[in-house]
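Here, each number is a calculation from the coordinates, and none is a lab measurement. What you are looking at is a predicted structure, and each value in this text was computed from that prediction instead of being measured. A quick note on method: Cβ atoms are made from the backbone with ideal geometry, for glycine too, and the neighbour counts reach across all protein chains shown.
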Amino acid sequence: MAVVRAHHPDADASLIEHAHDEAALWHEGQTRRSGDPYFTHCLAVAAIIAELRMPPAVVCAALLHDIDDTPCSPDRVLEHFGQDIAQLISDVHAAKLGGTPSSGLNLEAARQALHPSREEAVLAICLAHRLHNMRTIAFVAPATQYRKARETLDVLAPLAQAVGLSDVSRELHDLSIAVLQPVIPTFAITTRLLAMLTLLLPTPQRARWREEWPAELATLPTRRARTDFAFRVLLRTPSLSLTLRRPAGRERR
């Protein structure tokens, strides 16, 4: 509410509070795939909308944007929040972003003017909805992750850029790339390399070095130090293997 007040000092706080309570009521018992209450998604989308300087009515619609997926009747929404907010929620629910034209829409200008058109408000909520879903995409099935990330990268990130939301576009792009082109952490690669190198050693000695090398690696503070350590192990493993395989010499009398 503080964010809304900062840009809309005359905002009706009671309307937003009512939307908050209504969304909490109707989403009660629903959970996300992460196990979090579904209402946390409504709050997150509304927070993104508030940060975009959208007016109170749009923040209310963001809080209630998924209420059509609850037993709440459209008549109740209309009665409690009026025609404009009820229609905005309905338009968000029916929106197909893949076919949304960007011409004539300028959400950056709407942010500055604090007065978006209905189409701009719908688009803002839809983008905020997808942005929060991409932030939490790790909890959905891999096939769904890939499909959503591909659509976000190909359609929604460019759409956000076209309507002036460069920050939103950049985050959508980066979150999508993280799914489509995952980067294996350097530490994981180095640990895997060390495990593979132990295969060059005699079987009875492998377990020792499989524990010792990663343990030493974990104490190193930087990527450069870990890379240098792995390189040294790589160079000395052949000679270590020969030494371990060499029969022990007879003791001198």
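Annotations
- Length released on extending from Ile177 to Ser90, taking residue separation times 0.36 nm less the Cα-Cα span: 28.2 nm
- Estimated distance in nm for a label pair at Thr219 and Asp167, the labels positioned 7 Å out from Cα along Cα-to-Cβ: 4.5
- Among (1) 13.8; (2) 11.8; (3) 20.2, the entry that matches mean projected area of the Cα convex hull in nm² as calculated here: (3)
- Derived value for the range 41-101: Kirkwood hydrodynamic radius 12.0 Å. Basis is the mean of 1/r over every pair of different alpha-carbon atoms.
- Whole-Hz couplings from phi, Karplus 6.51/-1.76/1.60, listed for the range 68-73; x for Gly and Pro: 5, 8, 10, x, 4, 7
- Dipole magnitude of the range 136-253 about its Cα centre (Cβ charges: Lys, Arg +1; Asp, Glu -1), debye to nearest 20: 1160
- Over 17 Å [Cα-Cα, the range 115-253], rounded percent: 70
- Highest average first, the peptides 56-65, 231-240 ordered by how many other beta carbon atoms sit within 10 Å of their residues are 56-65, 231-240.
- Counting only DSSP H runs of at least 4 residues, each contributing -39500 (n - 2.57), and dividing by the residue count of the chain, the helix-based mean residue ellipticity at 222 nm comes to -21000 deg cm²/dmol.
- Nearest-20 debye value, the chain charge dipole, Cβ charges on Lys, Arg, Asp, Glu: 3140
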